[in-house]
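The values are calculated or read from the model by the stated rules, or taken from the named source; none is laboratory data. What you are looking at is a predicted structure, and each value in this text was computed from that prediction instead of being measured. Cβ placement follows ideal geometry from the backbone for every residue including glycine, while neighbour counts extend to all protein chains displayed. The accessibility values were calculated without ligands, DNA or RNA, using every heavy atom of the protein model including side chains. Shrake-Rupley method; radii C 1.70, N 1.55, O 1.52, S 1.80 Å.
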Amino acid sequence: MMRKYLVLFTVLLSITFLVIGCSTEEESSSNQDNTDDQIELTIAWWGTSVHHEKYLDVIELFEEKNPNVKIVPQYSGWNGYWEKLATQAAGSNLPDVIQMDYSRLNEYVSRDLIKDLGKYQDEGILNLEDVSELYIDSGSINDKLYAIALGTNSSVLAYDPAMFEEAGVEPLEPGYTWDEYVETARELKDKLGDETYVNIMDGLGDGFIHYLRQHGQWLYNDENTEIGFDKQMLVDYLNIFEPLREEGVVPTPEMVAAAAKGNEHRLIIDGESPTELITSSQVSFVRELTGRPIELTTLPDLPGGEKGHFIKPSLSFSVTTHATDETEKLAAEFIDFFTTSKEANDILLGIRGTPIFPEMQEYLYPKLDEGTQKVFDYITLLEEEYARELYPVPPAGQGEIDSLYDRLMEQYRYGNISAEELADQFVSDANEILVEASE
């Protein structure tokens, strides 16, 4: 009898181990399936350490709400960002989501590197219902939506009020002229001494664009096949600052090159210049990096001229054509979360410019520090008094044209070429780039 029970016990024990073994195997298989079900989304952006920290916090929040999602961040400063993307594009390995600049949008569309997001707007995954058409249009080409703005932006002359006070120089109030700008720079240098310089806006970017718009001109012709402005305009623009260069008011070429290595190296941050041409979306992190109050004013007025200011996307998110169907939809969901979630915006706090959603602007404003509120107020001031319509989307080849101008400006700053030679060479080479890019 005992033997029968022993045999029965042995059989039951074997069955138990078999069941446990199967259960463990199934559980292991189930866990493996859960791992396999996780979606990986790659997102690339440029910015400062301040931006990186906030973006990573938003990503962590999104992952908490979506446990099946793993986001792989790729971030850097502005320098090197586009070169890395070009390398990834050549290898058909672009991130799913890339941070986009208005100046590069046409280039990426023409190379079929980013996707039309219109269907996600139609499906309500991208909620743009209350967004001004101005900001939707700024991310659209040929009625297709390629970029979602993360905030609004405009050029601004930032200044350190403490340095103006130390120099005994009155700050430049909105409505000041180009002549007043030059004279103020000269006074600041004279009062602040040898260790301080005054940054000027002699690049191809917002300063020159502002000047051209005041004269009713634009960088390119309507077809984007050649330079659209009279090259004497560029000579005249450089000559505004030439007396300051001759008098040693402006930073040395070496200082300019060092400052170009990244936003953290801007001269205003280290107190080496009392002014800096930046964008309104950069004001918050400049304040954070300096640890000092930074004020803002408009760019110079041209008496009798047209309005030069504009409001554009500070930057945008685009979804690349290397994203799969699965990651493409998830990318749209992340972009919507980044731009419309109150929790995400509680983290970002307008660091990428004034939100494009009126409801979010109203929600954030009382939460902002006084400095960031001034940025929101600045955009309102431009909308009401100083800005007009946005300029056209720059053509494919804009990045190469920017690099061309930077190379020529370096030679000009060292005195190796004149303003006239710079303008001649720039127009000639830029036209070649535009023809090649349009083919």
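Computed quantities for the displayed model
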| read-out | value |
| --- | --- |
| Per-residue [θ]222 nm for the chain (sum of -39500 (n - 2.57) over DSSP H runs n ≥ 4, rounded to 500) | -15500 deg cm²/dmol |
| Among P67, Q88, S103 - extreme Cα towards positive end, dipole of the range 35-111, charges at beta-carbon | S103 |
| Cβ charges +1 (Lys, Arg) and -1 (Asp, Glu), total dipole of the chain, debye | 1540 |
| Top positive-direction residue, dipole computed over the chain with Cβ charges, set G228, A185, L289 | L289 |
| Hull volume in cubic angstrom per residue (convex hull over the Cα atoms of the chain) | 191 |
| Protection proxy ranking of 366-372, 204-210 - average other beta-carbon atoms within 10 Å, highest first | 204-210, 366-372 |
| Residue of N79, N66, N106 that the Gaussian network model of the chain assigns the largest fluctuation, springs spanning Cα pairs under 10 Å | N66 |
| P(r) tail fraction, the range 254-340 - alpha-carbon pairs more than 17 Å apart, % | 66 |
| Mean-position separation - Cα centroids, the range 379-439 and the range 264-309, in angstrom | 21 |
| Contour excess over end-to-end distance, with Cα ends at N68 and L56 and 0.36 nm allotted per residue | 2.6 nm |
| Charged-residue dipole, Cβ positions (Lys, Arg, Asp, Glu), the range 266-407 about Cα centre, Debye nearest 20 | 220 |
| Gyration tensor (Cα) of the range 99-173, equivalent ellipsoid semi-axes in angstrom | 38, 15, 9 |
| Label-point gap, in nm, between A260 and E385 - each point 7 angstrom along Cα→Cβ | 3.5 |
| Selected from A331, V250, Q217, residue furthest toward positive end of dipole (the chain; charges at beta carbon) | A331 |
| Net charge, L212 excluded, C-beta distance under 11 Å - Lys, Arg +1, Asp, Glu -1 | -3 |
| For the range 52-123: span of alpha carbons on each principal axis (Å, largest first) | 36, 34, 23 |
| In degrees, nearest ten, helix 231-246 long axis to first principal axis of the chain (Cα) | 80 |
| Paramagnetic reach from E370 (point 7 Å along Cα→Cβ, amide N under 16 Å) across the range 292-311 | 292-296 |
| Rounded to the nearest 20 debye, dipole of the range 342-439 from Cβ charges on Lys, Arg, Asp, Glu | 360 |
| Residues of the chain: accessible area per residue with a 1.4 Å probe, Å² | 47 |
| Sites E170 and A90 - FRET efficiency at Förster radius 35 Å, r taken between beta-carbons, to 0.05 | 0.10 |
| Gain in span if fully extended, T225 to I39, counting 0.36 nm per residue against the direct Cα distance | 62.7 nm |
| Computed log₁₀ I(q)/I(0) - Debye formula, equal Cα scatterers, no solvent, the range 331-439, q 0.10, 0.19 Å⁻¹ | -0.57, -0.92 |
| Those aspartates and glutamates that a straight Cα-Cα span of less than 13 Å connects to K312, excepting residues fewer than 8 apart in one chain | D101, E133, D137, D206, E383, E389 |
| Neighbour net charge for G308 - beta-carbon separation under 14 angstrom, K R +1, D E -1 | -1 |
| FRET efficiency, 1/(1 + (r/R0)^6) with R0 35 Å, evaluated for E439 and E242 via beta carbons | 0.40 |
| Whole-percent carbon and sulfur share, accessible surface of the chain, 1.4 Å | 47 |
